[in-house]
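Below is one structure, written out as structure tokens; comments come after it.
The values are calculated or read from the model by the stated rules, or taken from the named source; none is laboratory data. All of these numbers come straight from a predicted model, not from anything done at the bench. Note that we place each Cβ from the backbone using ideal geometry, even for glycine, and neighbour counts take in every protein chain shown.
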2 protein chains.
Amino acid sequence: MKTLAQAREIILTEFQAHNSLSTEIIPVQDSVGRTLAQPVTAELSSPHFHAAAMDGVAVAAASTFGANPAQPIELQVNKDAFYVNTGHVLPDNTDAVIMIEHLNVLDEHRIQIEAPVFPWQHVRKIGEDIVATELLFPRNHVITPYCLGALITGGIFKVPVKRKPRILIIPTGSELVDWRSSTAALKPGQVLESNSYVIGNLAAEAGADFSRSRQLMDDPAKIRTAVQAAVKGDVDIVLTVGGSSAGSEDYTKDVIIGLGEVLVHGVTIMPGKPVIVGKIGNKPIFGIPGYPVSAIIAFEQFVKPLIDQMRGQPEQARPSIYVEPTRKVASKLGLEEFVRVKLGTVGSRVVATALPRGAGCITSITEADGIIRIPEHMEGLKDNQAVKAELIKPAASIDNTIVAVGSHDNTLDVLADELKAGTTNLSLSSSHVGSMGGLMAVKRGACHIAGSHLLDTENGTYNVSYLDKYMPGRNVRLVNLVMRDQGLIVPRGNAKGISSIEDLARDDLAFINRQGGSGTRILLDYKLGQLGLDPARINGYDTEEYTHMSVAVAVLSGTVDVGLGIFAAARALDLDFIPVVTEQYDLVIPQEYFESEKIQALMDIINTDTFKTRVESLGGYSTEKTGQVII
Amino acid sequence: MKTLAQAREIILTEFQAHNSLSTEIIPVQDSVGRTLAQPVTAELSSPHFHAAAMDGVAVAAASTFGANPAQPIELQVNKDAFYVNTGHVLPDNTDAVIMIEHLNVLDEHRIQIEAPVFPWQHVRKIGEDIVATELLFPRNHVITPYCLGALITGGIFKVPVKRKPRILIIPTGSELVDWRSSTAALKPGQVLESNSYVIGNLAAEAGADFSRSRQLMDDPAKIRTAVQAAVKGDVDIVLTVGGSSAGSEDYTKDVIIGLGEVLVHGVTIMPGKPVIVGKIGNKPIFGIPGYPVSAIIAFEQFVKPLIDQMRGQPEQARPSIYVEPTRKVASKLGLEEFVRVKLGTVGSRVVATALPRGAGCITSITEADGIIRIPEHMEGLKDNQAVKAELIKPAASIDNTIVAVGSHDNTLDVLADELKAGTTNLSLSSSHVGSMGGLMAVKRGACHIAGSHLLDTENGTYNVSYLDKYMPGRNVRLVNLVMRDQGLIVPRGNAKGISSIEDLARDDLAFINRQGGSGTRILLDYKLGQLGLDPARINGYDTEEYTHMSVAVAVLSGTVDVGLGIFAAARALDLDFIPVVTEQYDLVIPQEYFESEKIQALMDIINTDTFKTRVESLGGYSTEKTGQVII
């Protein structure tokens, strides 16, 4: 096991390949983004003649000396003075241009000037911009669109660039399905192969060409054959994806040992720990772990630096800023963890909310604005203490983010989409921690808005009494987003004929509950109270889940017969839904943000017919109170 | 004439085109960089089955309750416990995975555990990453390589994206030459057309497709016909380049008036002032000025924001930092000037050196690290006062820049190239202000190194006595870079048979001198003194130029017969050269930087044989003292 720094050092030292890419001569117009293999010097000067830099007349400066308003000097057109436009060649024996607006035109043949001009005034001299033989760009310079101007002007129409590094990606794993060829529905255990496209496109962004080989089963002989062919081919770097760990079906390490040598197996990072670095002949081969986030981090930390080195480019660190985690983040001593975070500017702080930690969650990186690295020697991050985050998205977009923390509802997705469709540049980032978690986030100053559906069982109202109780004195507004149906989630077809809350007491049914403090649990208990139904009679009342989706999953997998949740969760898994109650889902918004442009733009969208129509069309929602400011 | 803000407001309001791009459905693997035309929701959940998240055995958590080291629980393999690898489907009636290393394997059929596990431990539940029907990405989201992972995993194989905006570029100007078709040498007055490639590739980087029409002569009828055809075609934005000013051959404005309306003619910016914004039918047409830097700034300020708007993207401001100009920069009241600057971190400050201001100098933007905008209401920048610069190059590269200010020599180009060829990530930025200007820059703390060749006419030594005189007490080092030939630059063939300094007194010769204080002027005066030759006898002694190249240009254009300068200047313009004296060209380096890694890396390169060989091969140089630390 190596540290990150050790593994990188080994890779960059072992494959001192930065001069190994051959040179291609390509047309200048195709050269943007490419790296110069050799210094390029100008063939032509620019201008290559003395050129008028203004519209006016060209003169010999000496012929103007002594002119003043009292004693203007008269010049003969086409003898002492020559009309020129910008860019024209300066006529012989002239060395200055007088702007047209500074002339007195006496007639067709004569002009008069009232002030002298100095030599080379308004003249672009030969070589003012580019001198033939001078260096235009040094070796390893990356060509930008601007550079095309200097190259063409300097007479360089073919450019010597480094060939792009070639990367071959070999996906391995018996569970993998190729989405391009498979039309059948996925079977349990099957996984759509996507890593090769992600890694390949990251390699392309880093300036490499990538190709993808057909995916392989977990069969050491086949993997060996493929790797052997790959290293003999004309690629510069070989990546296998999957099978890099130490499980009974992880064959990459043995294959590399059989054909060459393993330089690194395992790095003290998370995700990405089971990465393998090997060398077959002189060629680098990487065993990239199969979990999508592990694969990305292993690529970015180990393969990209090697591509940079081959291209002669410095590794560009991502820009970073200081952020404050909204809650403690635990981490494992001895591993450097890459925590994906959402960021948003709330008040004067940039707050960071950790996304799911699992290396299998691709959305934890697609949704991330940044990455906080927790060093090996630390056991985690404290809340509200500034720490550095590397930015994945531009810093400006963080200022334009509305941070939502609290209960999840699918209408927040519609809101996020409508916000992006508008002209405001705003985006909505939501983290799902339940209604009470949202109120606590408001209290801590960790968000702009919090979704909440907390029922007061005393009086049947929502949210208001909770604000009084948990945030006395905090000046907040409460805005209705939607009314939504909660109901019983049952298997498709509802074979057991479940129709109401009373049925939950049936002996032939297993129920699954939500955790204490969740809006849905409060709702269930309220309903049971109204019906006078003793919770002890419900089979499974004490089994708890934490989200609507987990409840639906339990129903889908047959673990239970019924649960209570929102329509959207049932629909997502194609389950049946029996509406039980309509509840109020509101946004809690601190007064200081309610007045802000951001939130007012959000309010504008909530009040549009477009938003309401889209919400209604989801099913399970009504919008009669949508946009109402409750307090 | 409009201000920048007014012109942008007119453009973005007039062409509220952000929803007008039609939708294309493209394969997911081709979608990186494209903009979603519609929100994309997942078709599949991920995982779509409960999956083992570790290698181990799957069990029902309840069957482990009560286990402890004193009373381990025994489980039957394939009855209560099932071996699984990461990613496998969880067998029926199991809900947790125990890692392989936490098992006691008793025999093939029995295992023992010493601790209970909780439900769902090491299990990736259905929908943990992605839930079918949930929003993956909102409309206007730009697809990254990461996104491919979420799209494919979510079952999205075809993606609805906005068609790219189409830009047509029409270069105009009778002076233009197409480098692709012209093989003849350029005639005076001709210019290689390059703007369309620069602007086109900037448009491509902004997410548009561009095409280029054949360039047109300054002929209003032809321009009119081309523009008419263009606006009727299927492009979204038409750009003419050149002819946008008010000169006698600037026809763009009249053409637009004839076919539609001119919304803006002239904006109070520099470069870029003569830009035209027009509308023909509903189509935007821009008259882009022909000077290369004007064209770039007009594109970036006016066309790119419109492309962004069409794509539904916020305009991303360039990152900016505070920098200190090393000298005053004057500017014109009433115009917002975009000053291109080189940047470098010298001590604790980021210093900015203004590049040539002319809009015709493409190298003023290819060499720039950033742009300082001087607002309309200001008359310039003060030196050593912090001001904001927008960064063109990454901030990290500024820290890795060695800032050289002083006398120019071509061997600095070789040094820059060798530095870029190495593994240090360093680059060299040089500004040419003469030897004395370099010493003053060292004194002001505005550079790391200064090139200098100041001759002490008392004793024939170089630089040392000037340091004593102008920087007493400043602890600096002096390192020889090269010995170089200064000599007489004369027309090719040397028809007048010039052979030595004495010839300068000949009546039939016109000479051009360098400015007082320049190393070359000091050298000439020293030589004249040695020879006892009275400067008054030299025809042209009082005519001064400021650079070696200007002297060579004066000789080339026939204005004079001879000047004094370095071999490289003669060679650049293919002139003859008569060596007169070998002079010492040194680097002045403050002690505090001399010790730094950056300068030590530079010293290492100066001392390589590769560097010396390349310098010798330029001609006019010798390297016997190269790398010697003189003081």
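Residues that are at pLDDT 90 or above, more than 14 Å from chain B (Cβ to nearest Cβ) and either touching a Ser or Thr at 6+ places or on another chain (Cβ under 6 Å) or in a loop (DSSP other than H, G, I, E, B) (or both) within the stretch A:349-365 comprise just one, A:Val351. On the basis of being modelled with pLDDT of 95 or more, assigned by TED's automatic domain parsing to the domain that holds B:Val433 and either closer than 30 Å to B:Ile606 by Cα or of a type outside the set (S, T, N, Q) (or both), does B:Asn494 make the cut? So B:Asn494 fails the test. Scanning the stretch A:29-40 for residues that are surrounded by 20 or more Cβ atoms within 10 Å (Cβ to Cβ) and either more than 30 Å from A:Ile307 (Cβ to Cβ) or at the interface with another protein chain (Cβ under 8 Å from one of its Cβ atoms) (or both) turns up A:Val32, A:Pro39. Is it the case that the stretch B:502-509 has a residue that's surrounded by fewer than 21 Cβ atoms within 10 Å (Cβ to Cβ), in a helix (DSSP H, G or I) and among the basic types (Lys, Arg)? Within the stretch B:502-509, not a single residue is surrounded by fewer than 21 Cβ atoms within 10 Å (Cβ to Cβ), in a helix (DSSP H, G or I) and among the basic types (Lys, Arg). Within the stretch B:184-213, if we keep just the residues that are in a loop (DSSP other than H, G, I, E, B) and touching a residue at least 24 places away in the same chain (Cβ under 8 Å), the residue that is nearest to the other protein chains (Cβ to nearest Cβ) turns out to be B:Ser194. Can you confirm whether A:Pro314 is assigned to a helix (DSSP H, G or I) and out of contact with any Pro (no Cβ under 7 Å at 6 or more places or on another chain)? Considered against the rule, which asks whether it is assigned to a helix (DSSP H, G or I) and out of contact with any Pro (no Cβ under 7 Å at 6 or more places or on another chain), A:Pro314 comes out as no. Any residue in the stretch A:364-375 that is in contact with a strand residue (DSSP E or B) (Cβ under 7 Å, 6 or more places away or on another chain), over 30 Å from B:His50 (Cβ atoms), hydroxyl-bearing (Ser, Thr, Tyr) and in contact (Cβ under 8 Å) with a residue 60 or more places away in the chain? So far as the stretch A:364-375 goes, no, none of its residues is in contact with a strand residue (DSSP E or B) (Cβ under 7 Å, 6 or more places away or on another chain), over 30 Å from B:His50 (Cβ atoms), hydroxyl-bearing (Ser, Thr, Tyr) and in contact (Cβ under 8 Å) with a residue 60 or more places away in the chain.
Pairs linking a residue in the stretch A:405-423 that is at positive phi and in contact (Cβ under 8 Å) with a residue 12 or more places away in the chain to a residue that is outside any loop (DSSP other than H, G, I, E, B) and surrounded by fewer than 23 Cβ atoms within 10 Å (Cβ to Cβ), with Cβ atoms under 7 Å and 6 or more positions apart or on different chains, are A:Gly406/A:Gly437. Report yes if some residue within the stretch A:334-341 is outside the structural domain of A:Gly519 (by TED's automatic domain parsing), within 14 Å of the chain's Cα centre (by Cα) and surrounded by 21 or more Cβ atoms within 10 Å (Cβ to Cβ); otherwise report no. Yes, the stretch A:334-341 has at least one match. The set of residues from the stretch A:424-438 being in contact with a strand residue (DSSP E or B) (Cβ under 7 Å, 6 or more places away or on another chain) and without any contact (Cβ under 8 Å) to a residue 40 or more places away in the chain comprises A:Ser427, A:Ser430, A:Val433, A:Gly437.
Output yes when any residue across the stretch B:483-500 is of a type in the set (A, V, I, L, M, F, W, C), farther than 19 Å from B:Asn410 by Cα and free of Cβ contacts under 8 Å to residues at least 24 places away in the same chain, and no when none is. For the stretch B:483-500, residues of a type in the set (A, V, I, L, M, F, W, C), farther than 19 Å from B:Asn410 by Cα and free of Cβ contacts under 8 Å to residues at least 24 places away in the same chain: present.
Among the residues here, A:His109 qualifies as out of contact with any Ser or Thr (no Cβ under 8 Å at 6 or more places or on another chain) and away from every other protein chain (no Cβ under 12 Å).
Of everything listed in (1) more than 18 Å from B:Gly517 (Cα to Cα); (2) under 28 Å from the mean Cα position of the chain (by Cα), the single unmet condition for B:Gly451 is (1). Residue under question is A:Thr133, and the condition is that it be of a type in the set (Ser, Thr, Tyr), at positive phi and not assigned by TED's automatic domain parsing to the domain that holds A:Lys253; does it hold? So A:Thr133 passes the test. Of A:Ala96, A:Ala53, A:Ala60, all but one fail to be out of contact with any helix residue (DSSP H, G or I) (no Cβ under 7 Å at 6 or more places or on another chain), of a type in the set (Gly, Ala, Ser) and without any contact (Cβ under 8 Å) to a residue 60 or more places away in the chain; the exception is A:Ala60.
The sole residue among B:Asp417, B:Asp413, B:Asp383 that is away from every other protein chain (no Cβ under 14 Å), of a type in the set (Asp, Glu), over 25 Å from B:Met1 (Cβ atoms) and touching a Pro at 6+ places or on another chain (Cβ under 8 Å) is B:Asp383. Given the criteria more than 9 Å from chain B (Cβ to nearest Cβ), surrounded by fewer than 23 Cβ atoms within 10 Å (Cβ to Cβ) and farther than 30 Å from A:Met603 by Cβ, does A:Met436 qualify? Taking the combined requirement at face value, the residue does not satisfy it. When each of B:Val588, B:Val580 is tested for being surrounded by fewer than 23 Cβ atoms within 10 Å (Cβ to Cβ) and either in contact with a Gly (Cβ under 6 Å, 6 or more places away or on another chain) or closer than 21 Å to B:His432 by Cβ (or both), the lone residue that passes is B:Val580. It is to be established whether one or more residues within the stretch B:156-170 are over 28 Å from the mean Cα position of the chain (by Cα), within 11 Å of chain A (Cβ to nearest Cβ) and crowded, with 18+ Cβ neighbours inside 10 Å. Within the stretch B:156-170 (the criterion being over 28 Å from the mean Cα position of the chain (by Cα), within 11 Å of chain A (Cβ to nearest Cβ) and crowded, with 18+ Cβ neighbours inside 10 Å), the answer is yes, since at least one residue qualifies. For the subset of the stretch B:130-153 comprising residues that are of a type in the set (Gly, Ala, Ser) and in contact with an Asp or Glu (Cβ under 9 Å, 6 or more places away or on another chain), which member is surrounded by the most Cβ atoms within 10 Å (Cβ to Cβ)? By that ranking, first place goes to B:Ala150. Among the residues of the stretch A:462-473, is there at least one that is of a type in the set (Gly, Ala, Ser) and either away from chain B (no Cβ under 14 Å) or surrounded by fewer than 22 Cβ atoms within 10 Å (Cβ to Cβ) (or both)? Yes, some residue in the stretch A:462-473 is of a type in the set (Gly, Ala, Ser) and either away from chain B (no Cβ under 14 Å) or surrounded by fewer than 22 Cβ atoms within 10 Å (Cβ to Cβ) (or both). Restricting the first member to the stretch A:276-300 and to residues that are surrounded by fewer than 24 Cβ atoms within 10 Å (Cβ to Cβ), and the second to residues that are part of a helix (DSSP H, G or I) and among the β-branched types (Val, Ile, Thr), the beta-carbon pairs closer than 7 Å and six or more apart or on different chains are A:Ile280/A:Val231; A:Ile280/A:Ile256; A:Gly281/A:Val231; A:Lys283/A:Val231.
Okay, residues lined up against (1) under 18 Å from A:Pro119 (Cβ atoms); (2) assigned by TED's automatic domain parsing to the domain that holds B:Ser465; (3) of a type outside the set (A, V, I, L, M, F, W, C); (4) in contact with a helix residue (DSSP H, G or I) (Cβ under 8 Å, 6 or more places away or on another chain):
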site: B:Ile501; (1), (2), (3), (4): no, yes, no, yes
site: B:Arg506; (1), (2), (3), (4): no, yes, yes, no
site: B:Gly516; (1), (2), (3), (4): yes, yes, yes, no
site: B:Leu523; (1), (2), (3), (4): no, yes, no, no
site: B:Leu528; (1), (2), (3), (4): no, yes, no, yes
site: B:Leu531; (1), (2), (3), (4): no, yes, no, yes
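Counting residues in the stretch B:362-373 that are among the polar types (S, T, N, Q), within 20 Å of the chain's Cα centre (by Cα) and over 14 Å from B:Ile392 (Cα atoms) gives zero. For the structure I just gave you, tell me whether A:Gly272 is within 26 Å of A:Gly358 (Cα to Cα) and either surrounded by 19 or more Cβ atoms within 10 Å (Cβ to Cβ) or not acidic (Asp, Glu) (or both). When the stated conditions are applied, A:Gly272 passes them.
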